[in-house]
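Engineer: Please see the structure below; I have some questions.
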Amino acid sequence: MGIRISDQEIIERLISREHEMITLCYNLFYDRVTKLLIGKHSFNEDMAKDVFQESILAVWRNTAKPGFKLTSTLFTYLSKIATNQSTRHLENADADKLIPLQPSHEKVLQEPLIEDSTLRDKRLTRCLDCLTPFCKQVIKLYYFERMSADAIVQHLSLANTDSAKSLKYKCLQKLKVEVSKRYQQQDFELEYTYI
C-alpha cells in the first residue's frame, strides 16, 4: 500500500523546492494527462510526453513564484497547463511549411456551403480530411458552425480568444497547403450559391 499525500502537501513541498515532488507528480499524473492530450488533440505518444514534461516544468516554475496558491485540484491545474502548452505546440508545429493565405481560399471558407455536394465542396472536404483532427475541428467550429472566438475558447478549453484566432489562422494555413498540393486556384473559383 502506497503513501497517501494530498495535493496541498505536494504543492507545499514543491514550493519548498523538494525535487522529488517533480518525480512524484510525473508518476501520479503521466498516464491521465497524456491520455487527455492524445484524445483531445490527437497527439501521438511522443508529442503528448513532450507536452506533459513541459507542463511539469511549468508547475515547478509556477510554484517558485511568490504567493503561489493552488485553487483547483493538482490534476486540473496540470491538465490546464498541458492544454495551454499543447495549443502553443500546435501553433508552432510546421510553421516553416506554411504558405501565405490568398484571399480566394479564405473566400471559399467564408461562403455558406449548400447542402448538395458540389464539386467545390467535395474538393474542400478532401483537403479538410488531410488536416489533423484538432485543426479540422477548429475550421469546422469557425466556418461551418459559425462559432465565435469566445465560444471556441470555451469549447476547446483554450487560454483566450487570441489563442483561438491564432489557431484558426494556423489551421487555415495548413488547409491552404493541402489545397495547393491538390488543386489549382481556378478549381475553387466557381460561382457561389448563397443559401
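Only the coordinates and a few stated rules stand behind these numbers; no lab work does. Please read these numbers as outputs of a predicted model, since none were measured by experiment. Don't worry about glycine lacking a Cβ; one is built from the backbone with ideal geometry, like all the others, and counts go over all protein chains shown.
Engineer: Using 7 Å Cα-to-Cβ label points, what is the D31/K65 separation (nm, one decimal)?
Structural biologist: Output for this residue pair reads 3.2 nm.
Engineer: Restricting to DSSP loop positions (anything but H, G, I, E, B) with no more than 15 other Cβ atoms inside 10 Å of their own Cβ, which trypsin sites (Lys or Arg not before Pro) remain in the stretch 134-169?
Structural biologist: Hits after loop and neighbour filter: R146.
Engineer: Ok, one more. Would you mind computing, in nm to one decimal, how far apart the modelled labels at Q154 and S72 are, each placed 7 Å from Cα along Cα→Cβ?
Structural biologist: A separation of 1.6 nm, rounded to one decimal place.
Engineer: For the pair K140 and Y183, what calculated FRET efficiency results from E = 1/(1 + (r/R0)^6), where r is the Cβ-Cβ distance and R0 = 22 Å, to the nearest 0.05?
Structural biologist: It comes to 0.65.
Engineer: Efficiency by 1/(1 + (r/R0)^6): what FRET value for L57 and S166, r their Cβ-Cβ distance, R0 = 22 Å, to the nearest 0.05?
Structural biologist: 0.45
Engineer: Please report the orientation-averaged projected area of the stretch 7-92, defined via the convex hull of its C-alpha atoms, in nm².
Structural biologist: Result: 5.4 nm².
Engineer: So what J values fall out for the stretch 20-27 if you push phi through Karplus, 6.51 cos²θ - 1.76 cosθ + 1.60 with θ = phi - 60°, rounded to Hz, Gly and Pro as x?
Structural biologist: Listing the rounded values in order: 5, 5, 5, 4, 4, 4, 4, 5 Hz.
Engineer: Would you mind getting me the FRET efficiency between D129 and R88? Use the beta-carbon distance for r and R0 = 22 Å, nearest 0.05.
Structural biologist: 0.30
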